[in-house]
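Visitor: Below you'll find the structure I mean.
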Ligand SMILES: C[S@@+](CC[C@H](N)C(=O)[O-])C[C@H]1O[C@@H](n2cnc3c(N)ncnc32)[C@H](O)[C@@H]1O
């Protein structure tokens with residue numbers, strides 16, 4: 001899978017995305033709570049798409065930046081949140097230079113990041129010392145993996161048990177929460193002090 005292929009897939013389906021996905025407010029608030037956001041914190045809604053999570057992040061802090069590869073997804077998010085303080089950037093997180101975020105939330109997008117080692121480095125680089133990371137899905141992994149079969153299957157990797165995925169983050173993050181439920185999947189943690197930002 002290449003980022004170009006992922007970007008063009010999501011550009012193609014951008015107009016339909018909000019109709020295809022029904023994430024309950026309850027789950028989205030549960031995800032935001034895991035980030036432990038304080039008013040005034042700088043938060044990155046990573047792979048924000050059309051901004052499904054953004055409104056819930058804005059309830060916690062006005063300083064929300066959304067980043068996504070697909071310009072059509074970003075255009076819809078910008079339109080949706082035009083009257084808010086949220087700002088949206090179009091780009092590939094693997095080459096993102098933004099820094100000093102207090103929290104990063106990756107919602108419903110983790111399987112699209114093939115190079116997990118690089119993902120961990122980029123996340124650690126973008127976060128403040130002690131910054132919070134949340135990786136979450138509004139579906140359980142079996143359901144999600146079924147949804148990802150077929151065309152989307154070429155654009156993502158299957159989600160494995162939460163302990164296996166969270167273990168990839170242990171050099172840079174102190175993981176303090178894991179959920180691998182029938183209809184919810186998440187892990188979260190804090191960037192560890194000794195991990196040097198590059
Ligand atoms: C399944 S959508 C989820 C969008 C949104 N987070 C949501 O919950 O509706 C996955 C998103 O990840 C984005 N994405 C995938 N790889 C990316 C990368 N390397 N950098 C930035 N965004 C990326 C895609 O463009 C797509 O919009």
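FYI, it's all coordinate maths here, none of it is from the lab. The structure presented is a predicted model; accordingly, all values stated were derived computationally and were not measured. Every residue, glycine as well, gets a Cβ built from its backbone with ideal geometry; the counts of neighbours run over all protein chains shown.
Visitor: Between residue 147 and residue 33, what is 0.36 nm times their sequence separation minus the Cα-Cα distance? Round to one decimal in nm.
Guide: Stretched fully, the residue 147-residue 33 segment lengthens by 38.4 nm.
Visitor: Hey, another quick one. Listed highest first by mean packing, meaning other Cβ atoms within 10 Å per residue, what order do 31-39, 182-190, 80-88 come in? Walk me through the intermediate numbers first.
Guide: Working: 31-39: 17.6, 182-190: 19.3, 80-88: 14.8.
For the peptides 31-39, 182-190, 80-88, the packing ranking is 182-190, 31-39, 80-88.
Visitor: Mind listing the Cα extents of the chain along all three principal axes, in Å, largest one first?
Guide: 42, 39, 32
Visitor: Using the basic label-point model (7 angstrom from Cα toward the beta carbon), what is the residue 8 to residue 24 distance in nanometres?
Guide: Computed distance between label sites residue 8 and residue 24 equals 3.9 nm.
Visitor: In whole angstrom, note down how far apart the Cα centers of region 73-106 and region 110-167 are.
Guide: Distance between centres, Cα-based: 18 Å.
Visitor: Follow-up question, since we're still on this one. With the contact rule set at Cα under 8 Å and sequence spacing of 6 or more, what percent relative contact order holds for the chain?
Guide: On the way: 383 pairs, mean separation 39.5, N = 198.
The normalised contact order for the chain reaches 20 percent.
Visitor: Another one. Run the numbers for residue 82 and residue 59: contour at 0.36 nm per residue of separation, minus the present Cα-Cα distance, in nm. Could the numbers behind the result be given before it?
Guide: Details: separation 23, 0.36 × 23 = 8.28 nm, distance 1.56 nm.
Working it through step by step, the gained length comes to 6.7 nm.
Visitor: Give, as ranges by residue number, the residues of region 69-94 whose backbone N falls under 19 Å from the point 7 Å along Cα→Cβ of residue 15.
Guide: 70-80
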